[in-house]
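Worksheet for the structure shown next.
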Amino acid sequence: MTQTLIDTLQARVLAAFEAVGYDAKFGGVRVSDRPDLADFQCNGLMGVAKSRKMNPMEAGAAVLAELELDGLFAAEVVKPGFLNFKATDAALVGLVAATSADPRALAPVSGARKFLVDYGGPNLAKEMHVGHLRTAIVGHGLINILKFAGHDVVSDVHLGDWGLQIGQLISQIEDVRPDLFEIEADSPITMEDLQAWYPAASAKSKEDDDFRDRARRATTAMQAGDARYMRLWRRVVDVSKASLMRDYGRLGCEFTYFYGESRYQDMLGPIVSQLEERGEAEPSEGAIVVHLKEGKKLPPLMLRNSNGGYGYGATDLATIVDRVETDDPEFILYVVDARQKMHFQQVFLAAEQTGLNGRAKLEHTAFGTVNGTDGKPFKTREGGVMRLHDLMEEMHAAARARLEDMGRVDGEALEATAEQIAISAMKFGELSHDRESNYIFDMEQFLQFEGKTGPYIQYTCVRIASLMENAKAAGLAPAAFTEVTDGARALVLTLDEFPAKLARSIETRKPSNMALHVYKLANATNSFYQSNRVLAEGIDPAVAASHLGLLAAAHKQLELGLKLLGVEIPAKM
Ligand code: ARG
């Protein structure tokens, strides 16, 4: 067997449908929603019956007569017209052997399409906050999953390092630290400085007209290449990047490109003139815009405003042009907050109608908001914006406290393990939710060792590993799984689902499908283990070895799934 049970069965059912002459569209097989009655089912008989004006039970009998199941499945037709299938013990045994022998858990290398994943999207001078967790975790999970499936993936952070926000910051520095402009080499700027300056600058901009004008002029001067400003700006970029890299490093996020919006500045003018010449962009009240042909209800995409400045939309168009030139991706996924929906609709339509997107399909892989336990957008206890770094530190401290209570890990391993648990808690907290919905960041709950949490799954892995060691010490080694006992069926059928869940994660651009699979697998593993004690008194060593064989297969798939989600497994916890 080199494929899953469900794929094997699907092929057989389709062959039988074809042999009888029934339309393949009715021959879909899926995991049964009544595991007490069947493992798999086909619900298409009613459709066949309707289209051919016949009795669904007869249609079922005709399919059964052609089905060649080779002792792998038992099949029956049940009223009012379903095909139910149960895998035989031999099939379950075969599946475990096959999946154990395959480092890919039977998932095919399905594609070699070129993807560009735009994720991260932090802004210069502003430290990341909890909102940045979603794009980081979903984006990184998607990249891992796409690569595993064989796709060619590059990624880019699209750092917000340009525009009015920088002009504001520069003007603020002029007010509070004018001396910094005189320093030739690396100015002694710290992230703490930036964190204090930026919010002050953006607040001042809202209240103080003079300051706002100065900030605008600074922005224009910087865009024209003012040397004093550029020197300081470069320093701000370096300091910010170092802090961003530290946070991304902890989350395991990697980027092919760490480009910023500034990269595209020289492209903006030429692209806009070119579009104007081709009649694809037009003047409108002093600005230059692209009217969207398909998005009748959408406002036009603003390329240049009436002051001659280029904004977010023009920069995203230029970014597409650059990406098409350098990587020529087939898909560009923008893992960005759902609140930017309209921006991306405009940019995508504009790129498509002007042909700037090349062959790329542009997709907004949108996500909802992270709320606090009060159901409102997540804040610190004091009501401010929680820095991502502080949040990670808090999670780490809580995980460490928990480990200290349990007393199984100490010394050097304590910090490293606490970090693995904290990160897994955050990642799984995210990935156990559909990215499109909002979720509540509940630190307490995310760190629990029971329930739908990262630490629970890590703990399951740690327990199996330790069981393996104890078994070894007792002279028992895993052997081929042959004993289909209580609990084994559910576990084997869960193992069988891995390739489908991987495919589903890719189709929907939702790594949560894989996360929920891993959770289900951890549950099935624990139930099996509870009802099939390996080291029980008087157990037949052959039975124990078979149990260990199945547990080893489950352990391997858990490790693979967690790896794809970017969750590390501690040695002990
Ligand atoms: N920096 C942007 C923000 O904070 C997110 C960037 C997303 N990517 C993009 N290509 N627009 O809103």
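The values are calculated or read from the model by the stated rules, or taken from the named source; none is laboratory data. What you see is a predicted model, and the numbers here were worked out from it, not measured in a lab. Note that each Cβ is placed from the backbone with ideal geometry, even for glycine, and that neighbours are counted across all protein chains shown. Each accessible area value is taken on the protein alone, full model and side chains, heavy atoms only, with ligands, DNA and RNA left out. Shrake-Rupley method; radii C 1.70, N 1.55, O 1.52, S 1.80 Å.
Rounded to the nearest 500, the 222 nm mean residue ellipticity of the chain from helices alone is -17500 deg cm²/dmol, with -39,500 (n - 2.57) taken per DSSP H run of at least 4 residues.
Positive contributions from Lys and Arg (+1) and negative ones from Asp and Glu (-1), summed over other residues with Cβ under 15 Å from the Cβ of residue 382, come out at +1. From the alpha carbon centroid of region 13-31 to that of region 422-459 is 40 Å.
Modelled spin-label separation between residue 359 and residue 486, with each label point placed 7 Å from Cα along the Cα-to-Cβ direction: 5.7 nm. Can you list residues whose amide H is under 5 Å from residue 337's amide H, if they're 5+ apart or on another chain and H is modeled 1.01 Å from N? Result for residue 337 returns 367.
Across region 456-521, the mean sequence separation of Cα contacts (distance under 8 Å, 6 or more residues apart), normalised by length, yields a relative contact order of 28 percent. Per residue, the solvent-accessible area of the chain (1.4 Å probe, heavy atoms of protein chains only, all protein chains present) comes to 44 Å².
Would you please put 1-8, 558-565 in order of how densely packed they are, using the mean number of other Cβ atoms within 10 angstrom per residue and starting with the highest?
Values: 1-8: 19.1, 558-565: 20.8.
Ranked by mean Cβ neighbours within 10 Å, highest first: 558-565, 1-8.
The Stokes-Einstein estimate for the chain, based on a Kirkwood radius over Cα pairs and taken at 10 °C with 1.306 mPa s viscosity, is a diffusion coefficient of 58 µm²/s. With the highest mean first, a sort of the peptides 423-432, 505-514, 162-171 on other beta-carbon atoms found within 10 angstrom per residue produces 423-432, 162-171, 505-514. Normalised by the number of residues in the chain, the mean separation of alpha-carbon contacts (under 8 Å, six or more apart) gives a relative contact order of 14 percent. A Stokes-Einstein calculation at 20 °C with viscosity 1.002 mPa s, built on the Kirkwood radius of region 85-223 over Cα pairs, returns a diffusion coefficient of 110 µm²/s. Using C-alpha pairs below 8 Å separated by at least 6 residues, the relative contact order for region 343-462 is 27 percent. Total lysine pairs in region 451-573 at Cα distances under 28 Å, for residues eight or more apart or on different chains: 22.
Here residue 50 is the anchor, and the lysines within straight C-alpha reach of less than 16 Å, apart from those fewer than 8 places off in the same chain, are 25, 79. Proximity of backbone amide H atoms, modeled 1.01 Å from N, is registered between residue 257 and 155, 156, 157 at under 5 Å, excluding neighbours fewer than 5 places apart on the same chain.
A Förster radius of 22 Å combined with the Cβ-Cβ distance from residue 294 to residue 436 puts the calculated FRET efficiency at roughly 0.45.
With bins 5 Å wide beginning at 0, the percent of Cα pairs of region 1-66 falling in each bin runs 4, 18, 26, 25, 17, 7, 2, 1.
Loop-located GluC sites (Glu not before Pro) in region 324-413 (DSSP state other than H, G, I, E, B) with a sparse environment of at most 13 neighbouring Cβ atoms within 10 Å: 382. Karplus-based coupling profile of region 258-274, in residue order and whole Hz: 10, 7, x, 4, 4, 4, 9, 4, 6, 7, 4, x, x, 5, 5, 5, 4, with θ = phi - 60° in 6.51 cos²θ - 1.76 cosθ + 1.60 and x standing for Gly or Pro.
What part of the accessible area of region 1-117, given as a whole %, is carbon or sulfur when the probe is 1.4 angstrom? On region 1-117, the fraction of accessible area on carbon and sulfur atoms equals 55 percent. Placing one equal scatterer on every Cα of region 55-111 and applying the Debye formula, the log10 ratio I(q)/I(0) at q = 0.17, 0.27, 0.28 Å⁻¹ is -0.70, -1.00, -1.03. Restricting attention to region 1-101, which trypsin sites (Lys or Arg not before Pro) occupy a DSSP loop and are surrounded by at most 11 other Cβ atoms within 10 Å? Those satisfying the criteria are 53. Per-residue Karplus couplings for region 176-183, computed as 6.51 cos²θ - 1.76 cosθ + 1.60 with θ equal to phi - 60°, are listed in order as 9, 9, x, 4, 5, 6, 8, 7 Hz, Gly and Pro entered as x.
Phi-derived couplings, Karplus 6.51 cos²θ - 1.76 cosθ + 1.60 at θ = phi - 60°, listed residue by residue for region 567-573: 9, 8, 10, x, 6, 8, 7 Hz, with x used for Gly and Pro.
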